[in-house]
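Chemist: Here it is, the structure in full.
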Amino acid sequence: MSEETMKTLEVRMLGGFSLTYDGDEIVLGRNTTAKFVQLLQIVWLRGEKGVSKSQIVRCLYDNDELSNPNNSFNNLIFQMRKQMVAAGLPRMNYIVRVGKVYVPDPDVALRIDVQDFADALEKAHSADSDEDKWKAYSAAFDLYRGELLPEASTRTWVITDSVQLREKFNEAASWLGNYYKTNHDYDAMYRVFEKASRIYPDNDWQAYQIEALILKEDYKAAYQLYDKTVHQYSDEMGLPPSEKMLENYRRMSQKITSSPGRITEIQSSLQEDPVSGAYYCSYPSFIDTYHVLERNMERTGYSVFLLLCTLVDYEGKPIQNREKLDERSNTLKGCIGVALRRGDIFTKYSASQYLILLVGSNREGCDVVARRISRELKAKEGTRAEVNYSNVSLADLRSYYQPEVS
């Protein structure tokens, strides 16, 4: 074997695709999703297990009609080897056939981050001590720089592997986070969950970031991250806060204190920016407001109604098109804001639903509000824009759920 073939070709597929040979970056043309690039990625992902020609063709061409699959496959291999040499790599096979499957060329020294990640996890599983587990999980965690091949993330063969790798990453992040928490290293705990939330922002990792900040007693930063995350989940994904997020909110509410200061300084920090229309807040804040109003109803004599607004299509069915739903939900938010009084409160409950608290109102008042919102929405979205409404008084809810005294 020549000295040239002993140099290592490093393959990165986590967080993006790149090649490095003997310390130099290799660029395989401008199109990182070209068929010959995907051919290499498929074989490199499968490693020594190999992958059959029929599987490769199915992955690369999906339902495309191929008049001569064998000829197309052979041409693709020829093109791949030609492109590798053109990029500055030695003239090698890069993939070879062994029996009925194709595997990476054993004459090419390869280092693939996906394989290194899997090897590190195996070491973690077989480790006897927490220290050895920590070393192995840390190595795996550091290797994971993002989801698998994001440029080809919609390809079926990528999705399958990506889901499995995501679960393994979650395992590593959870173990490391709990390890640092147990050892009271809250800065390291925060860094683990910060990276996890950056890679997978829809996996509720932010709740564990916030927990790390609470354990550090950095309540100001914890609340800022909490508020940002809750609004992101509500506005971008249409999801209410998780139970873990609500638990963090309760913990913060009990702990947050202000340093001694003059009453004018404290009042300034509480002052709301001048706005017109109803008050929009996060769902957990809405819950707190609900509880306060419920407790004060008997003393004040005010009636309070809860109004639920649900977006539907012109036939009264849920809106299936997510892009259309998100757009109409944002419009509805604005319509509710201008249709209500300044003292009314509302929040986004889900992608298609908003909750409103109407203070000092009655059922007829709820109907008036509903008609006003509908009128605003139809003026902006057209006459086929529809909202379903239901309402209930807090007094009725309280009596319904009040436990009987024996």
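Chemist: Pull out a ≥ b ≥ c, the square roots of the eigenvalues of the alpha-carbon gyration tensor of region 157-246, then state rounded if a/c is under 1.5, prolate if not and a/b is larger than b/c, and oblate in the remaining case.
Modeler: Judged from the Cα gyration tensor, region 157-246 comes out oblate (a/c at least 1.5, b/c at or above a/b).
Chemist: Roughly how many whole Å is it from the C-alpha centroid of region 83-104 to that of region 143-204?
Modeler: First find each Cα centre; the distance between them is then 32 Å.
Chemist: Once you've got the GNM for the chain with C-alpha springs shorter than 10 Å, pick whichever of S282, S350, S361 has the biggest mean-square fluctuation.
Modeler: Maximum among the listed residues: S361.
Chemist: Excluding same-chain residues fewer than 8 positions from K380, which lysines have a Cα within less than 27 Å of its Cα?
Modeler: Straight-distance partners of K380: K317, K324, K333, K348.
Chemist: At 0.692 mPa s and 37 °C, plugging the Kirkwood radius over alpha-carbon pairs of region 84-155 into Stokes-Einstein gives what diffusion coefficient in µm²/s?
Modeler: 218 µm²/s
Chemist: As an exercise, use a Förster radius of 25 Å and the Cβ-Cβ distance of T182 and D288 to find the FRET efficiency, rounded to the nearest 0.05.
Modeler: For R0 = 25 Å, the calculated efficiency reads 0.20.
Chemist: Under a crude label model (7 Å from the Cα following the beta-carbon direction), how far is S253 from R166 in nanometres?
Modeler: Distance between the two pseudo-spin positions: 3.2 nm.
Chemist: Okay, which of region 306-343 sit inside 16 Å, backbone N to the point 7 Å along the Cα-Cβ direction of V392?
Modeler: Under 16 Å, as judged by backbone N against the label point of V392, lie 306-310 of region 306-343.
Chemist: Not counting ligands, DNA or RNA, and with a 1.4 Å probe, what is R341's accessible surface area in Å² rounded to the nearest 10?
Modeler: 120 Å²
Chemist: Accessible area per residue for the chain in Å², computed with a 1.4 Å probe and the full protein assembly in place, what is it?
Modeler: Per residue, the chain has an accessible area of 57 Å².
Chemist: So, in region 10-154, how many Lys pairs have Cα atoms under 15 Å apart, if the pair is 8 or more places apart or on different chains?
Modeler: Close lysine pairs found across region 10-154: 6.
Chemist: For E122, what accessible area in Å² do you get when you roll a 1.4 Å probe over the heavy atoms of the protein chains, rounding to the nearest 10?
Modeler: The accessible area comes out at roughly 120 Å².
Chemist: Give me the number: length gained by fully extending S52 to T383, i.e. 0.36 nm times residue separation minus the C-alpha to C-alpha distance, one decimal in nm.
Modeler: 113.6 nm
Chemist: Which value at 222 nm does the chain reach when only helices count, each DSSP H run of 4 or more adding -39,500 (n - 2.57), with the total divided by all residues and rounded to the nearest 500 deg cm²/dmol?
Modeler: It lands at -17500 deg cm²/dmol.
Chemist: May I ask for log10 I(q)/I(0) of the chain at q = 0.10, 0.15 Å⁻¹, from a Debye sum over the Cα atoms as equal point scatterers with solvent left out?
Modeler: Each listed q corresponds, in turn, to -0.89, -1.29.
Chemist: Any idea of D202's accessible area? Nearest 10 Å², probe 1.4 Å.
Modeler: 80 Å²
Chemist: Take every Cα pair under 8 Å in the chain that's 6+ residues apart, average their separations, divide by the length, and report that relative contact order as a whole percent.
Modeler: It comes to 12 percent, rounded to a whole number.
The values are calculated or read from the model by the stated rules, or taken from the named source; none is laboratory data. All figures in this text were calculated on a predicted structure; none of them were measured in a lab. Note: ideal-geometry Cβ built from the backbone for every residue, glycine included; neighbour counts use all protein chains shown. Accessible surface areas use protein heavy atoms only, side chains included; no ligands, DNA or RNA. Shrake-Rupley method; radii C 1.70, N 1.55, O 1.52, S 1.80 Å.
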